[in-house]
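The values are calculated or read from the model by the stated rules, or taken from the named source; none is laboratory data. Keep in mind it's a predicted model, so treat the numbers as computed, not measured. Neighbour counts are summed over all protein chains in view; Cβ atoms, including those assigned to glycine, are modelled from backbone coordinates with ideal geometry. Calculation scope for accessible area: heavy atoms of the full protein, side chains included, ligands and nucleic acids excluded. Shrake-Rupley method; radii C 1.70, N 1.55, O 1.52, S 1.80 Å.
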Amino acid sequence: MASSPRSCKVYFPCWRCRSAPSNLANVMPWRTGSLGVIVGMLSMLSRTCRSAFRALSDECKRKPCEAFKAFRDNGAETISSLLSSQSTQEAMEILVESLIKPFARSMCQCPKLIDATMTCFQKYDGLYFEMAEMDRTMFDAAISQIDWTSLKKAAKVFMAEAWCGEGADGADCVDEMGKAYHVMAQFIDNTMAGEDVCMSGVRFAGKMTRYMQAITDFTSMDNFVDAYLDMEKAAMCDSECAEEVARGFYSCCAKSAMETVSKKSNQKALIRAVKSIMPLISEDQAMPNIKKLMKVMNPEKFCGKKIDVYKRMNDECEAMEA
């Protein structure tokens, strides 16, 4: 495989094929055995899958290979740093900078990566089932049940539209998304430390406990949705803490992202996608109330008139857009 220039271009389009056979051990610090594993995995990719990625623009078709090379070069150090991190915030900083933000920027630049990836599953014609000597009937039945058009649209909304571009204030929205993750990590650290402050779950421990119980002792989807919304209202809408919480996670980018996700057309796509997937998870489980869950995407209305910080921040963003 490695000695064929054509094969190299097919599987590793961002490598220079002529150099791969002669200095493979130097190119791959994990030695040639790892390349054998990777090539073995890639041989199970379908022809349709490879064609979908080859059809992308030159910049976008390089993204998977760039991601692999980044993990090859920095993966061990990143994992080591995560394992030695002393707090959730420290671990989140590593994840945001090494994984979340690079992934988000790739999706913003190349949303068709989502189409290509889903094509790999939707139209799988690779060698896995043949190599594993498995019947693919159940796989094909499951794949045919999924509403792929809606799933692709929903995935693009969350992964390649909501946090792309700049906010009304000129902020980079991927950076703003990273800040939101840091706030979440701060909440976790403060909660675990038992600190009864605004940026902590201690102040709404009862609501959080109910939410966790709704997950572990799952009785109904409605109970789960209600517990989640109660917890979010306690976190976001407390009269003494709403200002600090909002200034921590809410921004013009967050406003735009939430508006994008909660658009009626995008909600419909998400509902259709979830509806097609739910029977694969549980035949007797009801659909989650997506429209009810989406209430949290409009903090101004979700928290009500008594909490005006979200309205003030929305007005600020809209004034900058004008």
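Filtering segment 256-271 for residues that are open to solvent by 30 Å² or more (accessible area, probe 1.4 Å) and among the β-branched types (Val, Ile, Thr) leaves a non-empty set. Somewhere in segment 291-302, is a residue open to solvent by less than 50 Å² (accessible area, probe 1.4 Å) and over 20 Å from the mean Cα position of the chain (by Cα)? Looking through segment 291-302, at least one residue is open to solvent by less than 50 Å² (accessible area, probe 1.4 Å) and over 20 Å from the mean Cα position of the chain (by Cα).
What is the residue count in segment 187-226 for residues that are in a helix (DSSP H, G or I), open to solvent by 80 Å² or more (accessible area, probe 1.4 Å) and free of Cβ contacts under 8 Å to residues at least 24 places away in the same chain?
Final tally of qualifying residues: 4.
Looking across MET159, MET184, one residue alone is surrounded by 18 or more Cβ atoms within 10 Å (Cβ to Cβ) and either assigned to a helix (DSSP H, G or I) or modelled with pLDDT of 95 or more (or both). It is MET159. With respect to ALA242, determine if the residue is closer than 24 Å to GLU166 by Cβ, of a type in the set (A, V, I, L, M, F, W, C) and buried (at least 18 other Cβ atoms within 10 Å of the Cβ). Against the criterion (closer than 24 Å to GLU166 by Cβ, of a type in the set (A, V, I, L, M, F, W, C) and buried (at least 18 other Cβ atoms within 10 Å of the Cβ)), ALA242 does not qualify.
Restricted to helices (runs of 4 or more DSSP H) entirely inside segment 38-135, those with at least 1 residues that are touching a helix residue (DSSP H, G or I) at 6+ places or on another chain (Cβ under 6 Å) and in contact (Cβ under 8 Å) with a residue 40 or more places away in the chain are 47-54, 58-61, 63-84, 88-95, 101-109, 112-122.
What are the residues in segment 162-181 that are under 14 Å from GLU93 (Cα atoms) and open to solvent by 60 Å² or more (accessible area, probe 1.4 Å), if any? If the condition is that a residue be under 14 Å from GLU93 (Cα atoms) and open to solvent by 60 Å² or more (accessible area, probe 1.4 Å), then LYS179, TYR181 are the ones that fit.
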